[in-house]
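**Student:** Encoded as structure tokens, here's the structure I'll be asking about.
The values are calculated or read from the model by the stated rules, or taken from the named source; none is laboratory data. These numbers come from a predicted model, not from an experiment. As a convention, Cβ positions derive from the backbone with ideal geometry for all residues, glycine included, and neighbour counts pool all protein chains shown. Quick note on the areas: whole protein, heavy atoms, side chains included, nothing else; ligands and nucleic acids left out. Shrake-Rupley method; radii C 1.70, N 1.55, O 1.52, S 1.80 Å.
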2 protein chains.
Amino acid sequence: MKYLFVLLLAGVTASAQVQKEQLNLMPWPQNVVVNNGNFTLSKNFKVNISGNPNPRIFGGVTRFLRRLDGRTGIFFEQGYISKLNEVPNAELQINCDKGGKIGLYEDESYSLDVKANKITINATSDLGALHGLETLLQLLQNDSKSFYFPASQISDFPRFTWRGLMLDASRHFQPVDVVKRNLDALAAMKMNVFHWHLVDDQGWRIETKKHPKLIELASDGLYYTQEEIKNIVKYADERGILIVPEIDVPGHASAILTAYPEIGSKVITLTGGTSEKNIQGTAIATYGIERNAGIFSPTLDPTNPKTYKILNELFDEVCPLFPGAYFHIGGDENEGKDWDANPKIQEFKKKNNLKTNHELQTYFTMQLAPMLKKHGKQLMGWEEILTKNLSKEAIVHSWRGPNEGVVAGQSLVDAVKKGYKTVLSNGFYIDLMYPIASHYLNDPMPKGADLTAEEKARILGGEATMWTELATPTTFDSRVWPRTAAIAERLWSAENITDVANMRKRLESVSFRLEELGLTHIRNKAVILRNIANNQNIKSINEFSNVCEPLKGYTRNKGGTEYQMYSPFTLFADACTPDAKDSLAFDEAVSQYLANKTPDNKAKVAAFFNKWISVNKGLIELSANAPLVQSILPLSKKLSDASQELLLVLDNKSTLKSADLKSLIEQCNTKEHADVELSVYESLKKLI
Amino acid sequence: MKYLFVLLLAGVTASAQVQKEQLNLMPWPQNVVVNNGNFTLSKNFKVNISGNPNPRIFGGVTRFLRRLDGRTGIFFEQGYISKLNEVPNAELQINCDKGGKIGLYEDESYSLDVKANKITINATSDLGALHGLETLLQLLQNDSKSFYFPASQISDFPRFTWRGLMLDASRHFQPVDVVKRNLDALAAMKMNVFHWHLVDDQGWRIETKKHPKLIELASDGLYYTQEEIKNIVKYADERGILIVPEIDVPGHASAILTAYPEIGSKVITLTGGTSEKNIQGTAIATYGIERNAGIFSPTLDPTNPKTYKILNELFDEVCPLFPGAYFHIGGDENEGKDWDANPKIQEFKKKNNLKTNHELQTYFTMQLAPMLKKHGKQLMGWEEILTKNLSKEAIVHSWRGPNEGVVAGQSLVDAVKKGYKTVLSNGFYIDLMYPIASHYLNDPMPKGADLTAEEKARILGGEATMWTELATPTTFDSRVWPRTAAIAERLWSAENITDVANMRKRLESVSFRLEELGLTHIRNKAVILRNIANNQNIKSINEFSNVCEPLKGYTRNKGGTEYQMYSPFTLFADACTPDAKDSLAFDEAVSQYLANKTPDNKAKVAAFFNKWISVNKGLIELSANAPLVQSILPLSKKLSDASQELLLVLDNKSTLKSADLKSLIEQCNTKEHADVELSVYESLKKLI
């Protein structure tokens, strides 16, 4: 009898059996088996580390403990871990064979085994163990009273060795804390490369002691000190992340030339003299930090020895800050206007038998390679560096696509066929506000291309690319996360993991959990909306933001001059994000209704219309005391008008002519208001 | 006819006349006159600077432009300002006679004159001009379509010269970004002293190159590098703020002694030898970083020359990082236990005719004064440093009160009567979660004390004191803001500005505006609640947090051992704040109802009860999938039970005996759940 009672009690308190489909793992591991039973967390949960890991594992486990304790509020007894075999009987045993080296091709695999009373992480290197800890955190489940890990066996390794995010710190400077929390997020998503775009027309962001003019004249006081860079490199190392710095040359050089106009390519012709004698001469142009967005002509002079002297000195100072083996020299978007107009440069081309500006640029690039090589760095550049004379050691960064008039990813295939290693960013331009599915399904391994195994091996992976013309420290995270997690999955998980709906479901949990690392993608939305609403209730405007998306591609900043770098980015478009929250739910409701016109399905669609009608009323009320709401009203009115009519349509009570109804819906297809578009337009159309 | 039409139109578009009472200025200026008319903002609003200011004004005005543009979304044409007389015809003219010196007694006055087409700020120093810009930002008004400043004349100056905030970076390390955004908030509130508590039992937070053991062994890797410190000092200077660093000695020394046990006071007696011969000896005690909160015995040995050698070397390294004229050496809470137990120290006291430990401590303190003086620093310390031998140059920091068994502020009066300058922190301990009114009404100038003008002049001002035993980087801001703004007003504004209700009204606007500086006091609440709610809807738990306050005084962390420094501070109490949002509104509703039992007034009270009943239901639902909600349920049930019965009471339908009703309400008077208390208990009591 007593025995039975104990059993029953066990039955009552045992946590529900978790199914594999319920797990919100991302990137999805290579192999996942869920078993019966659970490991339940308690105060005395402890971790032990054995083997020969790099000491970074201690910090990694301490952070793991703090995050798990923060989520669960359990008050673990173990606060820190600082040496091997500290707690031999700990429930979580981590074993690593060797210290992981930061860089490409390191063994990042791990296996994770959760049993009811013991958890084991085995990894070749501590980098794999760190990945295992992230997976374990994602495994966390709960019932109403306790937290537990489902018994399971996971073995895992990455598909690609280059899984990166590029942060543009030039257009809008992103302070150290923004960089650090994004490094944390990268580590959580098992990404291993942080490409730091440090120099562009809009600012030079590296303290350079030998060339202080660069920060004095070309940074607006916004730059990373060398110590901050070292500190960030260390922070990244502790999280298994390689940093690839970028100094973009010879184009995108407005900032450099603001400090050193004498190495620019632009010639200014002076005319003077007397009425008797006309004198012509040339002078050095002056440059200023660029405040707009776009492609600009300021370009280094590849024929001037001083150009190479300064670059060499800069590399001598900057390279030692970065222990990694790669240095990105940009090389993109040099249109050569100033080269064409400079007689001296034209002469140089002739003399050196350089037929095109592209060949001249390759000449330039090849001068840089040895400067980097002496610091043990391989040169990397955007795909424009690829010409016949380029050294085979260079890495080609594939970025152009239809928007630039070429086939997407073509340069990637070209590069590997010519023997270059390559990284894909085309299709991963997350600053352009395209839907997440487009990035998720963008595979660096081209389908249908006829590549040998050797050529395939040269495709290192991919990189999410976050340009910051329109992103400030307040909005940066919301442009990058959670979307980059889907890219992380593309780069880590098996090729056949491509179910968008399933990815979306898991992404919601990932997005929530990123908050614990300090990411601001969720919290800062309310901050922007409160400002727009002038501290009134943000319910209506928040609801409206759930069906609005920032204009996509390059359409928000028309001609690159609508917004300057100092413009306000505190607007409605800055609060909105791609994949607006309610659009998918509405589209599903519409599809269900069209497939099956039950009263229930009709009510679901009608609920959206009623909401949007009331949102419009709410916004009108708000606007009485909030000038920034005014620019949203015309769009909200259009959705409200369409909603009112569609309510009648649902009840077969609409008296509008078909053409008028169509034009009412068509009004919702506009980019004219507040730099956003209605994400439900396509679904609305389905109803007529 | 045409003329009339124009006039009418002008009448329609002109903004409403603002009354002085509507302005949300804080701290309230010394003189405010509101005139007829408004200055309306437009794209071409520009600023010009003239006179002889310190160049910090350029950064200050650029930040001002960015904030104003961010609020209004106007897209000002002027992005930056970097020299004098750049825009002679600008609408806003700023003139400063001289560069302001960071420190006490500088002229911080300004006058601000807003006319319909021109704004003028005149100030002796740029520090005054920066204050004027903050006032101008607070003057901003809007109607439905435009933003404007009401025509007005303001002349202003501070009442006290020391208006400070202390940040404890030892108990919980607060990274650079937390420090910086709090400096921004201080500047917005016209505060001018940042007291940086850098060393305590729980950690040494300053990089010391000559004594690397301090950071290696006593910081858990969490410390400010010297470059970061310099950078923060510069950041503060740019905002008119003096930094006063603190190294707390001779008590609170666990961290220092973890690195240098040989300068500790504790003696360990060893007993050994053989069976024939008993040998006794002494050894150096070892110490560890303290993880709990409280007063601990580790104390420096004031009789050991090495103590002074190390301190001297530390000051030599740390003092030059801080250009300010003051250095805080702590000196508090040395209970002398280890001194009493150390025969060598007792002998030293006898030999030097030091009768008490207090005298011994003064001996210690006086050894430090010349070490600081050689770096041009005056010594400051907590009030325990005050004894008869203390140099008159020292500043006495008054902090103890009834909780420490002494009369509040007594040490302040003692100090000034004995000829010392003093700063008040008693009554400004914002970490203790007391209501804002108590801090607001706490005047550094003691009422009724018989002080001469000279003695009064020695009262420099006051300082909000934020200890971080229970505050992490995530919660720090919400413990400090907006409450410190009320303290800022106490220290800046005229003595008779004491209307609490009026202050509360203005504080709401101040709190909202602090968000634009990156302060997280509002946004991070939702982050904590989302974690507790396990990413479910936070509406119920947020509503409940509006009637719950963290336990006050030292009651949350019983005995200092309930929470360790590594405990989770992601709990309900961490999301709650003093002056819970709904309690005042409820209390007003109750008072109105009791004064006048109209159906309307009854309905207002009943609405609260109905809300709390539904909140309880909501929390029960949440808890099914959120273990962290469980600990809140008992408290929410008590409020719901009381609410249900009180609804009956309102309708005269309650059948409970008076004693039972009383006990039902009394249940709401508890500190037993989730480290919070119900802020509406006193108001509930009024209803029975």
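**Student:** Among the numbered criteria (1) open to solvent by less than 10 Å² (accessible area, probe 1.4 Å); (2) within 14 Å of another protein chain (Cβ to nearest Cβ), which one does B:His172 miss?
**Tutor:** (1)
**Student:** Now for a separate question. Can you find a residue in the stretch A:638-645 that is within 14 Å of chain B (Cβ to nearest Cβ) and either in contact with a strand residue (DSSP E or B) (Cβ under 9 Å, 6 or more places away or on another chain) or modelled with pLDDT under 95 (or both)? Let's see the steps before the verdict.
**Tutor:** First pass over the stretch A:638-645, keeping only residues within 14 Å of chain B (Cβ to nearest Cβ): none.
No: the stretch A:638-645 contains no residue that is within 14 Å of chain B (Cβ to nearest Cβ) and either in contact with a strand residue (DSSP E or B) (Cβ under 9 Å, 6 or more places away or on another chain) or modelled with pLDDT under 95 (or both).
**Student:** Within the stretch A:43-58, can you find the residues that are open to solvent by 30 Å² or more (accessible area, probe 1.4 Å) and within 12 Å of chain B (Cβ to nearest Cβ)?
**Tutor:** Hits for the stretch A:43-58 are A:Lys43, A:Pro55, A:Phe58.
**Student:** Just to be sure I understand, how many residues within the stretch A:292-339 are on the phi > 0 side of the Ramachandran plot, at pLDDT below 95 and in contact with an Asp or Glu (Cβ under 9 Å, 6 or more places away or on another chain)? Give the steps one after another, and end with the answer.
**Tutor:** Quick first cut of the stretch A:292-339, residues on the phi > 0 side of the Ramachandran plot only: A:294, A:330-331, A:333, A:336.
Of the ones still in play, those that are also at pLDDT below 95 are A:294, A:331, A:333, A:336.
Right, trim to in contact with an Asp or Glu (Cβ under 9 Å, 6 or more places away or on another chain) and you get A:294, A:331, A:333.
The total comes to 3.
**Student:** For the stretch A:104-117, does any single residue satisfy the condition of being farther than 28 Å from B:Tyr563 by Cβ, open to solvent by 50 Å² or more (accessible area, probe 1.4 Å) and in contact with a helix residue (DSSP H, G or I) (Cβ under 8 Å, 6 or more places away or on another chain)? Talk me through it step by step, then tell me what you get.
**Tutor:** Step one: filter the stretch A:104-117 for residues farther than 28 Å from B:Tyr563 by Cβ, giving A:104-117.
If we keep only those that are open to solvent by 50 Å² or more (accessible area, probe 1.4 Å) too, we end up with A:105, A:107, A:115-117.
Next, only the ones that are in contact with a helix residue (DSSP H, G or I) (Cβ under 8 Å, 6 or more places away or on another chain) stay: A:107.
The answer is yes; a qualifying residue exists.
**Student:** Output the number of residues of the stretch B:567-585 satisfying the condition of being assigned to a loop (DSSP other than H, G, I, E, B), touching a residue at least 24 places away in the same chain (Cβ under 8 Å) and within 18 Å of B:Leu628 (Cα to Cα). Give the steps one after another, and end with the answer.
**Tutor:** Taking the stretch B:567-585 first, the residues assigned to a loop (DSSP other than H, G, I, E, B) are B:567-571, B:576-580.
Okay, now just the ones that are also touching a residue at least 24 places away in the same chain (Cβ under 8 Å), so B:569-571, B:576-580.
Those left that are additionally within 18 Å of B:Leu628 (Cα to Cα): B:569-571, B:576.
The total comes to 4.
**Student:** If only one of A:Leu23, A:Leu65 is at pLDDT 95 or above, within 14 Å of chain B (Cβ to nearest Cβ) and surrounded by 17 or more Cβ atoms within 10 Å (Cβ to Cβ), which one is it? Break it down into steps so the answer makes sense when it comes.
**Tutor:** Values: A:Leu23 fails: within 14 Å of chain B (Cβ to nearest Cβ).
Going through A:Leu23, A:Leu65 in turn, just one is at pLDDT 95 or above, within 14 Å of chain B (Cβ to nearest Cβ) and surrounded by 17 or more Cβ atoms within 10 Å (Cβ to Cβ): A:Leu65.
**Student:** Right, another one. When you check B:Leu584 against the structure, is it farther than 30 Å from B:Asn403 by Cβ and surrounded by fewer than 19 Cβ atoms within 10 Å (Cβ to Cβ), yes or no?
**Tutor:** Values: farther than 30 Å from B:Asn403 by Cβ: no; surrounded by fewer than 19 Cβ atoms within 10 Å (Cβ to Cβ): yes.
It is false that B:Leu584 is farther than 30 Å from B:Asn403 by Cβ and surrounded by fewer than 19 Cβ atoms within 10 Å (Cβ to Cβ).
**Student:** Let me ask another. Since B:Ala236 meets every condition but one in (1) open to solvent by 10 Å² or more (accessible area, probe 1.4 Å); (2) farther than 30 Å from A:Glu77 by Cα, which condition does it not meet?
**Tutor:** For B:Ala236, the failing item is (1).
**Student:** Just give me the residues in the stretch A:104-151 being in a strand (DSSP E or B) and within 14 Å of another protein chain (Cβ to nearest Cβ), in sequence order. Spell out how you get there, then give the answer.
**Tutor:** First, the residues of the stretch A:104-151 that are in a strand (DSSP E or B): A:110-114, A:119-125, A:141-142, A:147-151.
Scanning the stretch A:104-151 gives A:Gln141, A:Asn142, A:Phe147, A:Tyr148.
**Student:** Can I ask one more? Looking only at the stretch A:494-552, which residues are within 11 Å of another protein chain (Cβ to nearest Cβ), farther than 12 Å from A:Trp481 by Cβ, open to solvent by 40 Å² or more (accessible area, probe 1.4 Å) and not in a helix (DSSP H, G or I)?
**Tutor:** Correct list: A:Asn535, A:Gln536.
**Student:** Taking A:Ile632 as the residue in question, decide whether it is open to solvent by less than 20 Å² (accessible area, probe 1.4 Å), within 12 Å of chain B (Cβ to nearest Cβ) and in contact with a Phe, Trp or Tyr (Cβ under 6 Å, 6 or more places away or on another chain).
**Tutor:** Details: open to solvent by less than 20 Å² (accessible area, probe 1.4 Å): yes; within 12 Å of chain B (Cβ to nearest Cβ): yes; in contact with a Phe, Trp or Tyr (Cβ under 6 Å, 6 or more places away or on another chain): yes.
When the stated conditions are applied, A:Ile632 passes them.
**Student:** Still on this structure, I have one more. For the stretch A:562-580, indicate whether the set of residues that are at pLDDT below 95, of a type in the set (S, T, N, Q) and in the same structural domain as A:Leu633 (by TED's automatic domain parsing) is non-empty.
**Tutor:** No, the conditions are met nowhere in the stretch A:562-580.
**Student:** Counting only residues that are open to solvent by 10 Å² or more (accessible area, probe 1.4 Å), give me the helices (runs of 4 or more DSSP H) lying completely in the stretch A:428-490 with at least 3 of them. Quick ask: steps written out before the conclusion?
**Tutor:** Numbers: elements: A:436-440, A:453-457, A:476-480.
Filter on the stretch A:428-490 gives A:453-457.
**Student:** Out of the residues in the stretch B:182-204 that are among the charged types (D, E, K, R) and surrounded by 24 or more Cβ atoms within 10 Å (Cβ to Cβ), state the one that is nearest to the other protein chains (Cβ to nearest Cβ). Give the steps one after another, and end with the answer.
**Tutor:** Within the stretch B:182-204, the subset among the charged types (D, E, K, R) is B:184, B:190, B:200-201.
Now drop any that are not surrounded by 24 or more Cβ atoms within 10 Å (Cβ to Cβ), which leaves B:190, B:200-201.
On the way: B:Lys190: 21, B:Asp200: 17, B:Asp201: 15 Å.
Step by step, filter the stretch B:182-204, then rank; the result is B:Asp201.
**Student:** Report yes if A:Val34 is open to solvent by 30 Å² or more (accessible area, probe 1.4 Å), in a strand (DSSP E or B) and out of contact with any Gly (no Cβ under 8 Å at 6 or more places or on another chain), otherwise no. Outline the logic, then answer.
**Tutor:** Values: open to solvent by 30 Å² or more (accessible area, probe 1.4 Å): yes; in a strand (DSSP E or B): yes; out of contact with any Gly (no Cβ under 8 Å at 6 or more places or on another chain): yes.
Criteria met by A:Val34.
**Student:** Given the conditions (1) within 26 Å of B:Ala325 (Cβ to Cβ); (2) open to solvent by 50 Å² or more (accessible area, probe 1.4 Å), report the number of the one that B:Val396 does not fulfil.
**Tutor:** Single failed check for B:Val396: (2).
**Student:** Of the residues A:Ala606, A:Ala659, which is under 27 Å from A:Lys505 (Cβ atoms) and more than 14 Å from chain B (Cβ to nearest Cβ)? Outline the logic, then answer.
**Tutor:** Numbers: A:Ala659 fails: under 27 Å from A:Lys505 (Cβ atoms).
The match here is A:Ala606.
**Student:** Report yes if A:Asp248 is more than 23 Å from A:Met189 (Cβ to Cβ), assigned to a strand (DSSP E or B) and in the same structural domain as A:Leu300 (by TED's automatic domain parsing), otherwise no.
**Tutor:** Numbers: more than 23 Å from A:Met189 (Cβ to Cβ): yes; assigned to a strand (DSSP E or B): yes; in the same structural domain as A:Leu300 (by TED's automatic domain parsing): yes.
So A:Asp248 fits the description; yes.
**Student:** Just one of A:Asn601, A:Asn625 is within 14 Å of another protein chain (Cβ to nearest Cβ), over 33 Å from the mean Cα position of the chain (by Cα), surrounded by fewer than 20 Cβ atoms within 10 Å (Cβ to Cβ) and not small (Gly, Ala, Ser); which is it?
**Tutor:** A:Asn625
**Student:** If you don't mind, another one. Determine whether the stretch B:304-311 contains at least one residue that is within 21 Å of B:Glu246 (Cα to Cα), open to solvent by 20 Å² or more (accessible area, probe 1.4 Å) and free of Cβ contacts under 8 Å to residues at least 12 places away in the same chain.
**Tutor:** Yes: the stretch B:304-311 contains one or more residues that are within 21 Å of B:Glu246 (Cα to Cα), open to solvent by 20 Å² or more (accessible area, probe 1.4 Å) and free of Cβ contacts under 8 Å to residues at least 12 places away in the same chain.
**Student:** Also, quick follow-up: Hey, does the stretch B:651-669 have a residue that's under 18 Å from B:Lys552 (Cβ atoms), free of Cβ contacts under 8 Å to residues at least 40 places away in the same chain and touching a Pro at 6+ places or on another chain (Cβ under 8 Å)? Reasoning before the result, please.
**Tutor:** To start, the set of residues in the stretch B:651-669 that are under 18 Å from B:Lys552 (Cβ atoms) comprises B:668-669.
Going one step further and asking which of them are free of Cβ contacts under 8 Å to residues at least 40 places away in the same chain, we end up with B:668-669.
Filter once more, keeping what is touching a Pro at 6+ places or on another chain (Cβ under 8 Å): none.
For the stretch B:651-669, residues under 18 Å from B:Lys552 (Cβ atoms), free of Cβ contacts under 8 Å to residues at least 40 places away in the same chain and touching a Pro at 6+ places or on another chain (Cβ under 8 Å): absent.
**Student:** Restricting attention to the stretch A:205-228, report how many residues are under 27 Å from B:Gly79 (Cβ atoms), within 14 Å of another protein chain (Cβ to nearest Cβ), open to solvent by less than 50 Å² (accessible area, probe 1.4 Å) and in a helix (DSSP H, G or I).
**Tutor:** Applying the first criterion (under 27 Å from B:Gly79 (Cβ atoms)) to the stretch A:205-228 yields A:205-208, A:211-225, A:228.
Within this subset, residues satisfying the condition of being within 14 Å of another protein chain (Cβ to nearest Cβ) are A:207, A:215-225, A:228.
With the extra rule that they be open to solvent by less than 50 Å² (accessible area, probe 1.4 Å), the set shrinks to A:207, A:215, A:218-219, A:224-225, A:228.
Next cut, in a helix (DSSP H, G or I) only: A:215, A:218, A:228.
Number satisfying all stated conditions: 3.
**Student:** Test B:Met366 against the criterion of being open to solvent by 20 Å² or more (accessible area, probe 1.4 Å) and hydrophobic (A, V, I, L, M, F, W, C), and give yes or no.
**Tutor:** Values: open to solvent by 20 Å² or more (accessible area, probe 1.4 Å): yes; hydrophobic (A, V, I, L, M, F, W, C): yes.
Considered against the rule, which asks whether it is open to solvent by 20 Å² or more (accessible area, probe 1.4 Å) and hydrophobic (A, V, I, L, M, F, W, C), B:Met366 comes out as yes.
**Student:** For the stretch B:74-98, give me the residue count where each residue is open to solvent by 30 Å² or more (accessible area, probe 1.4 Å) and in a loop (DSSP other than H, G, I, E, B).
**Tutor:** 13
**Student:** Given the criteria in contact with a Leu (Cβ under 7 Å, 6 or more places away or on another chain) and open to solvent by less than 50 Å² (accessible area, probe 1.4 Å), does B:Leu661 qualify? Break it down stepwise before answering.
**Tutor:** Working: in contact with a Leu (Cβ under 7 Å, 6 or more places away or on another chain): no; open to solvent by less than 50 Å² (accessible area, probe 1.4 Å): yes.
Criteria not met by B:Leu661.
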